[in-house]
Amino acid sequence: MTDQMINELIAASTAVNTSKRSFCTWVFQERNYETNLLKNIVRKHFDAPEDVFTTRSRKLELVIVRGVFVYLARAFNLASCKRLGQIMGRDHTTIINAEKQAEVFFASFPEVNKKADEIAAEFIIKTNCIK
């Protein structure tokens, strides 16, 4: 193998790694955009304060908003429990619990279930895709 062939292989390998990194960066940015979009839609539908996702409050109204957001983010596969925990300033186990709580809220409060359906429909329309 000549030096020229080795240099060409190195150049090709670098190009592949760069394009792979660019794609991964694009996917990450797209997921962040979609997660933020979902947060804004949820906040708008529940008329919740801006810090609803990071506040430590246990008020039922705020817990429901956070639960719906987590449930829909997981349903649309926007982020892992760990990533959602980072976004909301919580542990991944709290996110798992919030997702389970949301299912209880849907069964207990029909209006929450209806709002979650409206949020999901608006999110699908705004992202132009069904996941």
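The values are calculated or read from the model by the stated rules, or taken from the named source; none is laboratory data. What you are looking at is a predicted structure, and each value in this text was computed from that prediction instead of being measured. Cβ atoms come from the backbone with ideal geometry, glycine included; neighbour counts cover every protein chain shown.
Laid out as a table, the results:
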| item | result |
| --- | --- |
| Checking LEU78 against (1) surrounded by 16 or more Cβ atoms within 10 Å (Cβ to Cβ); (2) at pLDDT 95 or above, the condition it does not meet | (2) |
| Residue that is nearest to the chain's Cα centre (by Cα) [pool: residues in segment 52-68 that are surrounded by 11 or more Cβ atoms within 10 Å (Cβ to Cβ) and in a loop (DSSP other than H, G, I, E, B)] | PHE53 |
| Count of residues meeting criterion [basic (Lys, Arg) and surrounded by 14 or more Cβ atoms within 10 Å (Cβ to Cβ)] in segment 104-122 | 1 |
| Condition met for THR94 (among the polar types (S, T, N, Q), assigned to a helix (DSSP H, G or I) and either at positive phi or surrounded by 15 or more Cβ atoms within 10 Å (Cβ to Cβ) (or both)) | yes |
